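What follows is a set of notes on a single structure, which appears directly below.
The values are calculated or read from the model by the stated rules, or taken from the named source; none is laboratory data. Since this is a predicted model, take the numbers as computed values, not measurements. As a convention, Cβ positions derive from the backbone with ideal geometry for all residues, glycine included, and neighbour counts pool all protein chains shown. Protein only, heavy atoms only, side chains kept; ligands, DNA and RNA dropped before computing areas. Shrake-Rupley method; radii C 1.70, N 1.55, O 1.52, S 1.80 Å.
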Amino acid sequence: MLIEFFQLLRSHGVKTTITEWLDLLEALSRRVVFADVDEFYYISRLILVKDESLYDRFDRAFSEYVERVAQVDVTEKIPADWLENALKRELSDEEKEKVKQLGSLDELLKSFHERLQEQQERHQGGSKWIGTGGTSPYGAYGYHPGGIRIGQQGNRNRSAAKVWDKREFRDLDEDASLEQRSYQIALRNLRQFARTGAPTELDIEGTLKATARQGGLLDLQWQSERHNAVKILLLLDVGGSMDDHIYQVQQLFTALKGEFRHLELYYFHNCPYEGLWRSNQRRRTEQVPTEQVIQTYGDDYKLIVVGDATMGPYEIAYPGGSVEHWNEEPGEVWLKRLLKKFTKAVWLNPQPERYWGYYHSVRMINQLMQGRMQPLTLNGLQQATDTIK
Amino acid sequence: MAFSSTDSYIVSDQLAAAVNAAVTLEKPLLLKGEPGTGKTRLAQELADSLDADLLQWSIKSTTKAQQGLYEYDAVSRLRDSQLGSDKVHDISNYIKPGKLWQSFTASKRPVLLIDEIDKADIEFPNDLLHELDQMAFHVYETGEHIEAQQRPIVIITSNNEKALPDAFLRRCFFHFIQFPDEQTLAQIAQVHFPNLQPQLLTEALELFFDLRQIPGMKKKPSTSELLDWIRLLVAEDIDAEQLRQSRQQGSALPLTGALLKHEQDVELVERVRRVN
């Protein structure tokens, strides 16, 4: 049942599973929806799609499926009065007036049937056949004011066809949107719990000991809650070649922010020099001296640098090598200073590892990092957390 | 019985279909959407319309899955043992049922609202998998097995702060509440303010949707903010004419405090309106 629909969904990248599939079949068998394509659309979306960013793909798959179903020879299977009733319901008085351009509604339907029978295959464009995008009075997205729309309605009606063809969720569709969670899971590896703050939790072990010491008189002991005490200093490369990796970096950043309370973020471009900035909009006006950053944060901070390390070798090795300003000291000096203070450090490179060999600068940075460069993949992140643990 | 709009709450057809399907098929319904689109409110209205009890479990960052099942109150038991109370011999006196337990054993099928599930730790939903699937759990202290007499209607809301695990999502129905369009919003406002002048409402809505279209807002004003704003407009006796002038001339909006919650947003809006 509906297996084609299931496969179509999966081929559109909606990762729906057998369990959910069976749920839908159960919904159908219990008549939650019956013979109403609008409701079938809502219910199947409700059961099969679990992420609004996949709604758009679902809409596309659904539209395709409905189109395929529509290609079944309807003239034999659908009684004429069904079509007629549905049509009458959808036409406003105004539209009915327009229909008269082509004669009466009955006449329109009659010729529609005739052409359906004449026509053997799916059709697009043109001015006579039933299909999409043409000027024939029959079909969808056409320009004939007195035409019959099939499958797609234009406006106002509370019709599912309208809903999935509108593709309202297009903006939400992002590839591999579930990365964030897998990043978070990988980052959990870094957790270090410590008890800080006001004591609010009953310390059972302590209470037992204290009570025994009191000779059986109850002596309650309290302890503070466990919190993740890991501190992260995050340096992000922005602009230039990093633009290709914005999405990945965003995911990582969201995951980091969700996991660590002590997270300090600074930006740099290509290679860290004497100044970093906290807000990318005000990078020209509000730079923080790198020296100050090194002073501010204790060496218990773990340093994570995210950058593609793709630049001219002189940007790392020579004074004045920066593409943006005159730097007195080369980038490698600053990177070494950072690494001297923050001994637990890792460089995450969003560029696929197989390209690293082509860039001299990647090799240089990796050398400076003493081999602690990892690709920004799940695996790489896991290795990275092991490195700075 | 089918769930639909009431005198005080407007629900879209799709959402009503989602709720009805979840009720019929006894699956938890996960609701996502912008803050202020009425996710929490839905559970209350659903409970009212079914004449059922609403059990609300609000999740915080420190909430553990176990707290929804039951908690063992060791402190009272220790205290009672000092006082020589007889209660102390029966451990079940110190087991406090959580919201899930309460919903399992309620005499009438209740509505259980798990509010803002994404606030909790990333593993929280996984810890509830079995309980939500089988609607049963085990009490280790007493060896009891608690099973739902009838499956409660479970509504779960999320603000999308954390991604939820796949295994959990597979067991839920999912509906994304879209921000209502102008027509629906007008209906909602009318439900809340039946005596509101139509002209004032139209002007207010137009200004409101203009605001929402400004790109780069930190927090877009939502339904609840619109309602607060209209309430203030009425209280301050501001009429439609004043709003219209403000919209046309781009002068300062009256009482924006109700709509804009961030200083940056206020600045942004002023800047954009001056330019237009």
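Table: residues versus (1) part of a helix (DSSP H, G or I); (2) closer than 30 Å to B:Leu128 by Cβ.
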{"site": "B:Thr142", "(1), (2)": "no, yes"}
{"site": "B:Pro180", "(1), (2)": "no, no"}
{"site": "B:Ala186", "(1), (2)": "yes, no"}
{"site": "B:Gln199", "(1), (2)": "yes, no"}
{"site": "B:Leu205", "(1), (2)": "yes, no"}
{"site": "B:Met217", "(1), (2)": "no, no"}
{"site": "B:Trp229", "(1), (2)": "yes, no"}
{"site": "B:Ser246", "(1), (2)": "yes, no"}
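Among the candidates A:Val14, A:Val37, single out the residue that is free of Cβ contacts under 8 Å to residues at least 60 places away in the same chain and either more than 11 Å from chain B (Cβ to nearest Cβ) or in contact with a strand residue (DSSP E or B) (Cβ under 6 Å, 6 or more places away or on another chain) (or both). Spell out the reasoning first.
On the way: A:Val37 fails: free of Cβ contacts under 8 Å to residues at least 60 places away in the same chain.
Unique residue meeting the criteria: A:Val14.
How many residues, within the stretch B:16-32, are facing chain A (nearest Cβ under 9 Å) and either in a helix (DSSP H, G or I) or open to solvent by less than 10 Å² (accessible area, probe 1.4 Å) (or both)? Explain how you work it out, then say what you get.
Of the stretch B:16-32, the ones facing chain A (nearest Cβ under 9 Å) are B:17-18, B:20-22, B:24-25, B:27, B:29-30, B:32.
Add one more test, that the residue is either in a helix (DSSP H, G or I) or open to solvent by less than 10 Å² (accessible area, probe 1.4 Å) (or both), and what stays is B:17-18, B:20-22, B:24-25, B:29-30.
Qualifying residue count, the stretch B:16-32: 9.
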Exercise. Filter the stretch B:122-161 for residues that are in contact with a Gly (Cβ under 9 Å, 6 or more places away or on another chain) and aliphatic (A, V, I, L, M); which is surrounded by the most Cβ atoms within 10 Å (Cβ to Cβ)?
Worked result: B:Leu128
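Residues of the stretch B:53-64 being modelled with pLDDT of 90 or more and either open to solvent by less than 70 Å² (accessible area, probe 1.4 Å) or among the basic types (Lys, Arg) (or both), which ones? Before the answer, list the steps.
Here is the first cut: in the stretch B:53-64, the residues modelled with pLDDT of 90 or more are B:53-59.
Hits for the stretch B:53-64 are B:Leu54, B:Leu55, B:Gln56, B:Trp57, B:Ser58, B:Ile59.
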Exercise. Pick from A:Asp219, A:Asp243: which is over 28 Å from A:Glu291 (Cβ atoms) and over 32 Å from the mean Cα position of the chain (by Cα)?
Worked result: A:Asp219
For this session: Scan the stretch B:162-187 for residues that are more than 10 Å from chain A (Cβ to nearest Cβ) and buried (at least 19 other Cβ atoms within 10 Å of the Cβ) and jot them down.
Result: B:Leu185
Seminar exercise, completed: Residue hits (the stretch A:228-256; out of contact with any strand residue (DSSP E or B) (no Cβ under 6 Å at 6 or more places or on another chain) and open to solvent by 40 Å² or more (accessible area, probe 1.4 Å)) are A:Gly240, A:Ser241, A:Asp243, A:Asp244, A:Ile246, A:Tyr247, A:Gln248, A:Gln250, A:Phe253, A:Thr254
Exercise. Out of (1) modelled with pLDDT of 85 or more; (2) out of contact with any Leu (no Cβ under 7 Å at 6 or more places or on another chain); (3) more than 29 Å from A:Glu39 (Cβ to Cβ), what's the single condition that is false for B:Lys162?
Worked result: (1)
For this session: List every residue pair whose Cβ atoms lie under 7 Å apart, where the two residues are 6 or more positions apart in sequence or sit on different chains, the first residue falls within the stretch A:191-208 and is at positive phi, and the second residue, located anywhere, is β-branched (Val, Ile, Thr) and part of a helix (DSSP H, G or I).
Result: none
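Considering the stretch B:239-249 alone, what residues qualify as being touching a residue at least 24 places away in the same chain (Cβ under 8 Å) and open to solvent by 20 Å² or more (accessible area, probe 1.4 Å)?
Taking the stretch B:239-249 first, the residues touching a residue at least 24 places away in the same chain (Cβ under 8 Å) are B:239-240, B:243-244, B:246-247.
If the condition is that a residue be touching a residue at least 24 places away in the same chain (Cβ under 8 Å) and open to solvent by 20 Å² or more (accessible area, probe 1.4 Å), then B:Asp239, B:Arg244, B:Arg247 are the ones that fit.
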Exercise. Of everything in the stretch B:33-58 that's of a type in the set (A, V, I, L, M) and farther than 24 Å from B:Asp181 by Cβ, which residue is nearest to the other protein chains (Cβ to nearest Cβ)?
Worked result: B:Leu50
Problem set entry | Qualifying positions in the stretch B:66-117 - more than 14 Å from chain A (Cβ to nearest Cβ), exposed (fewer than 14 other Cβ atoms within 10 Å of the Cβ) and assigned to a loop (DSSP other than H, G, I, E, B) | B:Asp90, B:Ser107, B:Lys108
